[in-house]
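Chemist: Take this structure first; my questions come after.
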Amino acid sequence: MQKNHSARSQKRSALRSAWVLLAASAAISGAGFASAQAFAPHAYIGGAYGVTKAQGDFNGQVTNAALQGLTGGNTLSNIKSDRSDNGGKFFAGYQFHRNLGVELSYVDFGRFNGGYQFSGPNSFTRQYVANWRADGVALDLVAAIEVMPKLSLTGRVGMMRSSLKYSHDTVPSGLDSFSAPTDHQTRPHFGLGVSYDITPAIGAQLGWERTSGVGRNFSFTSADPDRSNGKLNYDLVSLGLTYRFR
């Protein structure tokens, strides 16, 4: 319970920071109308690459699912998961004001894996290996505040159309394989970062972003068990480049 409260607090804090940055940008937009006359709206494209992390208690979800859904002496044990990988993004946007823009991005959070051992009556055991991949397309409102020449703080708030692809197999392979239908959801997407203008047309940025609540709690007994393969938050910390058309 304490871990869940801490996770919710961190999520609220990150969302609050992003909204504060957006609000501050809006205030600056109104106060700085005269100086904004020199700003030229422009489109931009870019890409970034970095480290991803699937945040959440996947092992606990599997354990709870086994306690609630397995009967007749069937149990799960040796539950484990590896929830870090490399990922990246491609994006295109339009900055319509000095401090505000809109951005469309494709984000690949990478591939993750886990496993558990199923035990049944008469000393029956079977080892399972799970694999899943998360990605999606996001539309964000992006704010930027220049804190010194060429250096800006950035924040984003939007929504992502996420995709979760899950499958599992046995060790050895082929005894009981399963591929779940791709699970599509619309989930909150937000983040913070810093950017630096290398030239008027080229910029570099370091950013963190999260898509929260992707997937559905692991379950053997839900109304749609084929899609109930774990609910997690997906983070990307990345370094990237932007090219501005102006």
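Chemist: Any residue in the range 219-239 that is more than 16 Å from residue 110 (Cβ to Cβ) sitting within a Cβ distance under 6 Å of a residue that is open to solvent by 30 Å² or more (accessible area, probe 1.4 Å) and in a strand (DSSP E or B)? List the pairs, counting only those 6 or more apart or interchain.
Modeler: So the pair list comes out as 227/216; 228/216; 231/216.
Chemist: So residue 118 ticks every box in (1) crowded, with 17+ Cβ neighbours inside 10 Å; (2) more than 17 Å from residue 227 (Cα to Cα); (3) under 22 Å from the mean Cα position of the chain (by Cα) but one. Which box is left unticked?
Modeler: (3)
Chemist: Could you please give the count of residues in the range 77-95 that are over 21 Å from the mean Cα position of the chain (by Cα), within 30 Å of residue 240 (Cβ to Cβ) and at pLDDT below 95?
Modeler: 0
Chemist: Looking at the structure I just gave you, is residue 245 modelled with pLDDT under 90 and more than 23 Å from the chain's Cα centre (by Cα)?
Modeler: Values: modelled with pLDDT under 90: no; more than 23 Å from the chain's Cα centre (by Cα): yes.
No.
Chemist: May I pose another question? Somewhere in the range 203-212, is a residue exposed (fewer than 12 other Cβ atoms within 10 Å of the Cβ), under 25 Å from residue 146 (Cβ atoms) and in contact (Cβ under 8 Å) with a residue 12 or more places away in the chain?
Modeler: Going residue by residue through the range 203-212, those that are exposed (fewer than 12 other Cβ atoms within 10 Å of the Cβ) are none.
No: zero hits.
Chemist: Before we move on, is residue 169 in a strand (DSSP E or B), charged (D, E, K, R) and more than 20 Å from residue 89 (Cα to Cα)?
Modeler: Working: in a strand (DSSP E or B): yes; charged (D, E, K, R): yes; more than 20 Å from residue 89 (Cα to Cα): yes.
Yes.
Chemist: Taking only pairs six or more apart or across chains, which ones have beta-carbon atoms under 7 Å, a first residue in the range 38-62 that is buried (at least 22 other Cβ atoms within 10 Å of the Cβ), and a second residue that is of a type in the set (Asp, Glu) and assigned to a strand (DSSP E or B)?
Modeler: Short answer, once both residue conditions are applied: 52/85; 52/235.
Chemist: Let me ask another. Out of 113, 99, report the one residue that is of a type outside the set (Asp, Glu) and more than 23 Å from the chain's Cα centre (by Cα). Please lay out each step first, then the result.
Modeler: Working: 113 fails: more than 23 Å from the chain's Cα centre (by Cα).
Sole residue among the options that is of a type outside the set (Asp, Glu) and more than 23 Å from the chain's Cα centre (by Cα): 99.
Chemist: Among the residues that make up the range 185-194, is at least one of them exposed (fewer than 13 other Cβ atoms within 10 Å of the Cβ) and over 12 Å from residue 134 (Cα atoms)? Show your work before the answer.
Modeler: Going residue by residue through the range 185-194, those that are exposed (fewer than 13 other Cβ atoms within 10 Å of the Cβ) are 186.
Adding the requirement that they be over 12 Å from residue 134 (Cα atoms) leaves 186.
Yes, the range 185-194 contains at least one residue that is exposed (fewer than 13 other Cβ atoms within 10 Å of the Cβ) and over 12 Å from residue 134 (Cα atoms).
Chemist: While we're here: Any idea which residue in the range 208-242 is nearest to residue 196 (Cα to Cα), counting only those that are in a strand (DSSP E or B) and of a type in the set (Ser, Thr, Tyr)? Break it down stepwise before answering.
Modeler: Start the filter on the range 208-242 by keeping residues that are in a strand (DSSP E or B), which leaves 208-216, 230-242.
So of that shortlist, the ones also of a type in the set (Ser, Thr, Tyr) come out as 211-212, 234, 238, 242.
Details: 211: 24, 212: 27, 234: 25, 238: 14, 242: 10 Å.
Here the answer is 242.
Chemist: Just to be sure before I move on: is residue 240 open to solvent by less than 40 Å² (accessible area, probe 1.4 Å) and modelled with pLDDT of 95 or more in the structure I sent?
Modeler: On the way: open to solvent by less than 40 Å² (accessible area, probe 1.4 Å): yes; modelled with pLDDT of 95 or more: yes.
The answer is yes for residue 240.
Chemist: Looking at the structure I just gave you, is residue 228 buried (at least 19 other Cβ atoms within 10 Å of the Cβ), modelled with pLDDT under 90 and out of contact with any helix residue (DSSP H, G or I) (no Cβ under 6 Å at 6 or more places or on another chain)? Write out each step before concluding.
Modeler: Working: buried (at least 19 other Cβ atoms within 10 Å of the Cβ): yes; modelled with pLDDT under 90: yes; out of contact with any helix residue (DSSP H, G or I) (no Cβ under 6 Å at 6 or more places or on another chain): yes.
Yes.
Chemist: Give me the residue from the range 135-177 that is open to solvent by 70 Å² or more (accessible area, probe 1.4 Å), free of Cβ contacts under 8 Å to residues at least 40 places away in the same chain and not aliphatic (A, V, I, L, M) and, out of that set, nearest to residue 111 (Cα to Cα).
Modeler: 165
Chemist: Residues to consider are 36, 24, 54; find the one that is in contact with a strand residue (DSSP E or B) (Cβ under 7 Å, 6 or more places away or on another chain) and either more than 28 Å from residue 237 (Cα to Cα) or modelled with pLDDT under 80 (or both). Lay out the reasoning, then the answer.
Modeler: Values: 36 fails: in contact with a strand residue (DSSP E or B) (Cβ under 7 Å, 6 or more places away or on another chain); 54 fails: either more than 28 Å from residue 237 (Cα to Cα) or modelled with pLDDT under 80 (or both).
Only one candidate qualifies: 24.
Chemist: When you scan the range 94-104, do you find a residue that is among the hydroxyl-bearing types (Ser, Thr, Tyr), in contact with a His (Cβ under 9 Å, 6 or more places away or on another chain) and either surrounded by 18 or more Cβ atoms within 10 Å (Cβ to Cβ) or free of Cβ contacts under 8 Å to residues at least 60 places away in the same chain (or both), even just one? If you could, list the steps in order and put the result at the bottom.
Modeler: The initial filter retains those residues of the range 94-104 that are among the hydroxyl-bearing types (Ser, Thr, Tyr), namely 94.
With in contact with a His (Cβ under 9 Å, 6 or more places away or on another chain) added as a condition, the list becomes 94.
The next check asks that each one be either surrounded by 18 or more Cβ atoms within 10 Å (Cβ to Cβ) or free of Cβ contacts under 8 Å to residues at least 60 places away in the same chain (or both); those that pass are 94.
Checked against the condition, which is being among the hydroxyl-bearing types (Ser, Thr, Tyr), in contact with a His (Cβ under 9 Å, 6 or more places away or on another chain) and either surrounded by 18 or more Cβ atoms within 10 Å (Cβ to Cβ) or free of Cβ contacts under 8 Å to residues at least 60 places away in the same chain (or both), the range 94-104 yields at least one hit.
The values are calculated or read from the model by the stated rules, or taken from the named source; none is laboratory data. It should be emphasised that the depicted structure is a prediction, and the values quoted were computed from it without experimental measurement. All Cβ positions, glycine included, derive from the backbone under ideal geometry; neighbour counts span all protein chains shown. Note: accessible area is taken over every heavy atom of the protein model, side chains too, but ligands, DNA and RNA are not part of it. Shrake-Rupley method; radii C 1.70, N 1.55, O 1.52, S 1.80 Å.
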